[in-house]
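Engineer: Pasting in a structure now, in structure tokens, and then I'll have a few things to ask.
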Amino acid sequence: MVNKSNQDFKKASLEMLNNYWVPALFVALIVWFLANSANTFTSSSVEEVYRNGEIIRKTVERQSSFLGLLNFFFSGPAYFGGAAFFLNLMRRNNPEVKDVISGFSNFFKYFLADLVMFIFIVLWALLLIIPGIIAAYRYSMTWYILNDNPEMSFMDGIQRSKELMDGNKMALFSLQISFFGWFLLAILTMGIGFIPLYAYYTGAKTAFYEELIKN
């Protein structure tokens with residue numbers, strides 16, 4: 001069980017990011033582009049140009065579809081690489097921006113891991129929304145576990161995450177809620193603030209993982 005407080009994890013995140021904010025922001029930007037850019041682009045750009053004519057609207061929609069396809073294939077390796085960077089940063093193990101592309105060395109493994117977790121979460125969500133949310137917390141440590149155990153299959157990594165998060169899902173939920181104020185502030189910055197927020201939160205989540213495996 002996790003015994004430290006949210007403030008402990010946040011403090012650990014800020015300490016690890018000290019002198020490493022620039023590479024951490026680059027990593028956050030790369031992960032966002034590879035895993036989430038289509039959602040941002042679609043939700044803002046299509047509506048923005050809708051009144052400017054049919055041709056422009058269709059062009060933007062095609063670009064959004066392309067980014068969506070990119071995100072679909074690259075999100076797993078990107079999340080793995082993001083976890084790799086922040087684990088190295090937490091452990092002072094020579095963190096480098098290039099860590100974020102380390103997942104592409106075993107692309108299909110991490111693509112399948114992301115796909116299987118997505119399917120599991122959707123299937124649970126078909127029952128009710130709450131089971132889907134619980135499933136997402138259940139699998140939330142998978143990328144860290146696969147980094148620490150490169151020989152492990154992605155299914156074993158998912159299973160190990162379920163075991164680690166048993167009794168700890170509410171603690172992670174509490175940690176996320178503690179960032180709610182920062183989330184609102186990021187919205188007010190037209191989304192730009194989500195890049196440093198990703199770095200700050202992922203650092204805290206990495207500290208949370210370190211506490212899990214220590215216990």
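Any read-out appearing in this document is the output of simple, stated calculations on the displayed coordinates, not a laboratory observation. This one's a predicted model, so the numbers in the text were calculated from it and none came from an experiment. Note that we place each Cβ from the backbone using ideal geometry, even for glycine, and neighbour counts take in every protein chain shown.
Engineer: Report, to the nearest 10°, how far helix 6-17 tilts away from the longest principal axis of the Cα atoms in the chain, using its own Cα long axis and a range of 0 to 90°.
Structural biologist: Compared with the principal axis, the helix lies near 70 degrees.
Engineer: Would you work out which of 184, 80, 171 lies farthest towards the positive end of the dipole of the chain? Charges go on Cβ: Lys and Arg +1, Asp and Glu -1.
Structural biologist: 184
Engineer: Among 138, 160, 91, which comes first, second and so on when ranked by fewest other beta-carbon atoms within 10 Å? Walk me through the intermediate numbers first.
Structural biologist: Numbers: 138 24, 160 18, 91 12.
So the residues, fewest neighbours to most, are 91, 160, 138.
Engineer: Among the lysines, which have Cα under 28 Å from the Cα of residue 4 when same-chain residues fewer than 8 positions away are ignored?
Structural biologist: Cross-link targets: 162, 169, 205, 214.
Engineer: Let me ask another. If you stretched the chain out fully between residue 5 and residue 151, how much longer would it get, using 0.36 nm times the residue separation minus the C-alpha to C-alpha distance? Numbers along the way, then the final one.
Structural biologist: On the way: separation 146, 0.36 × 146 = 52.56 nm, distance 3.23 nm.
Contour length minus Cα-Cα distance gives 49.3 nm.
Engineer: On a 0 to 90 degree scale, rounded to 10, what angle separates helix 154-164 from the longest Cα axis of the chain?
Structural biologist: The helix 154-164 is inclined about 60 degrees to the chain.
Engineer: If you line up the long axis of helix 107-127 against the longest principal axis of the chain, both from Cα atoms, how many degrees apart are they, to the nearest 10?
Structural biologist: 80
Engineer: Return the label of the correct value of volume of the Cα convex hull per residue in Å³, as calculated from the structure shown, out of [x] 136; [y] 149; [z] 122.
Structural biologist: Label [x] holds the value from this structure.
Engineer: Another question, then. Given R₀ = 25 Å, FRET efficiency for residue 72-residue 25 by Cβ-Cβ distance, to 0.05?
Structural biologist: Numbers: r = 25 Å, r/R0 = 0.99.
The formula returns an efficiency of 0.50 here.
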